[in-house]
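Here the structure comes first, spelled out in structure tokens, and everything after it is commentary.
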Amino acid sequence: MEMTHAKAAHAKSAFASNLPFPPQYGSELLVICRGRGVWLEDKSGKKYLDFAGGIAVNALGYGRADLAKTAMKQMRRLSHISNLFTTEPALALARAMLAQGPFKFSSVFFGNSGTEANEAALKYARLHSLRTKGPGHEKFLCFSGAFHGRTLGSLSCTPSPKYQDPYLPLIPGVVVATYNDPRALARTLTEEFAGVIVEVIQGEGGLAGMTPEFARALNEACARTGAILIADEVQTGMARTGTFYASEGAGLKPDIITLAKPLGGGLPLSAVLIPEKVNALIHLGDHGTTFGGGPVTTAVAGKVWEKVSRPEFVQHVREMGILLEQRLQRIKAAHPEKVGELRGKGLLRGFEYVGGEVKDFLDNLRTRGMLALRSGANVVRIAPPLIITGREIETGINLIEEALR
Ligand SMILES: Cc1ncc(COP(=O)(O)O)c(C=O)c1O
């Protein structure tokens, strides 16, 4: 479909250039103004079906009056108080999180972003090894294809030259092993390691998924060496993959789970779920943050948690995930020259795009009124709001088919 002159000018006007930001995000960005459900609208009034979900953040969709009301009420009552105090919303959220099965945790540390949660988890693993085994056990193990964030600790466990090279040297003592290779894991992990950090589905790493054999090997190797097993569920946690934690689906038994993206309903909030064996070793002043776990973000997150943790909500994600998989299989069969391997689980899915550059394909989708994401070098990633309906999935699949044709 050729764009008319008027349409092209219209679309162009929705972009901002001469950006007052560092060039890391690009030189020209689409200005999104509002959203409702799974739909977004840009500055020119053009609508987009959102299969990107703010990069797996907006689980409950856009334009939520319930979340806005909660935030406003809490803003008027108490917007911030330091961590020398606590608040009812923070207490209620942490208690709800600890009551959630199937894993057992003793406390919750609230931060503001995924990288901060991982940073804290790595620190707690070090603290645990130092206070139980003494010095000489401070190494970290991470895996090829991983993405754990941009602060120096998390970045050190994100073995991608593109992200790491401008910031060398990174923290010492980080070892990288091949993802999904139980033998490499057994060879590498020793008692010198404080912790292992791993994703169950590599959200930024081409949606590679953990095999049950690798999950078993991780459980065994960490139990054998005493290393703290950290599951980074920043992208996969809170029902995204069709189980509340992706670890459950994979058979992984983590000591620590980190959560972020969907937790705050679009507000910045992350969490580290801490087991008793670590919690018992933490002393006053060992870690902290100014804003993490403030009353407004935790009040909104309390509402998000209540909805997302319902069995019927998780079941909905599972059903929508199956529908999405079936439709992607159909697309793959119809376009084998463009669609390669299908990846992912639940509503975190994608396909290898072998028909050219993923960026061009995503631009093509965008002009047709749909947003999706890239993962790794050549995977088109789909991570819509979890409230998406079957009809909205069909609409998205039709747009993907049009773009492929
Ligand atoms: C698995 C995973 N861990 C950590 C992060 C970092 O989160 P944030 O950008 O909130 O720091 C991300 C972000 O994409 C992620 O996908």
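Show that you can apply the helix-only estimate: for the chain, add -39,500 (n - 2.57) for every DSSP H stretch of four or more residues, divide by all residues, and state [θ] at 222 nm to the nearest 500.
Theoretical 222 nm ellipticity from helices: -11500 deg cm²/dmol.
Work out from phi, with θ = phi - 60° and the Karplus expression 6.51 cos²θ - 1.76 cosθ + 1.60, the ³J(HN,Hα) of each residue of the stretch 149-158, listed in order in whole Hz, and give x for Gly and Pro.
Karplus-based 3J(HN,Hα) across the stretch 149-158 equals x, 10, 6, 4, x, 5, 5, 5, 9, 10 Hz.
Give the cysteines in the chain for which no other Cys Cβ lies under 4.7 Å away, or write none if there are none.
33, 222
How much net charge surrounds residue 186 when only other residues with a Cβ under 10 Å from its Cβ are counted (Lys, Arg +1; Asp, Glu -1)?
Net local charge, residue 186 excluded: +1.
Provide the per residue accessible area, probe 1.4 Å, for the stretch 341-405, rounded to a whole number of square angstrom.
It amounts to 39 Å² per residue over the stretch 341-405.
Can you tell me the accessible area per residue over the stretch 65-308, all protein chains present, probe 1.4 angstrom, in square angstrom?
Heavy-atom SASA per residue in the stretch 65-308 reads 42 Å².
Taking every DSSP beta bridge with both residues inside the chain, roughly what % is antiparallel (nearest 5)?
65
Rg over Rh of the stretch 65-308, using C-alpha atoms and the Kirkwood radius, what does it come to?
We get a ratio of 0.97 for the stretch 65-308.
If I fit a long axis through the Cα atoms of helix 358-367 and take the longest principal axis of the Cα atoms of the chain, what angle between them do I get, 0 to 90°, rounded to 10?
Roughly 50 degrees, rounded to the nearest 10.
To make sure I understand the rule: partners must be aspartates and glutamates, Cα under 15 Å from the Cα of residue 46, and not fewer than 8 residues away in the same chain. Which ones qualify?
363
Quick one: among 102, 22, 161, which has the greatest mean-square fluctuation in a GNM of the chain with alpha-carbon springs under 10 angstrom?
With Cα springs under 10 Å in the chain, the top fluctuation among 102, 22, 161 is at 22.
Is there a pair in 104/307; 73/261; 261/338 whose C-alpha atoms are over 26 Å apart, and which pairs would that be?
Those over the limit are 261/338.
Rounding to the nearest 10 and keeping the result within 0 to 90°, find how far the Cα-based axis of helix 114-133 lies from the longest principal axis of the chain.
20
Dipole size in debye (nearest 20) for the chain around its Cα centre, Lys and Arg Cβ +1, Asp and Glu Cβ -1?
For the chain, the charge dipole is close to 800 debye.
Of the accessible area of the stretch 65-308, with the probe set at 1.4 angstrom, what percent is carbon plus sulfur?
Ligands and nucleic acids excluded, carbon and sulfur reach 58 percent.
The values are calculated or read from the model by the stated rules, or taken from the named source; none is laboratory data. These numbers were taken from a predicted model, which means no experiment stands behind them. Neighbour counts are summed over all protein chains in view; Cβ atoms, including those assigned to glycine, are modelled from backbone coordinates with ideal geometry. Ligands, DNA and RNA are stripped out before the accessible areas are found, and what is left, the full protein with its side chains, is counted by its heavy atoms. Shrake-Rupley method; radii C 1.70, N 1.55, O 1.52, S 1.80 Å.
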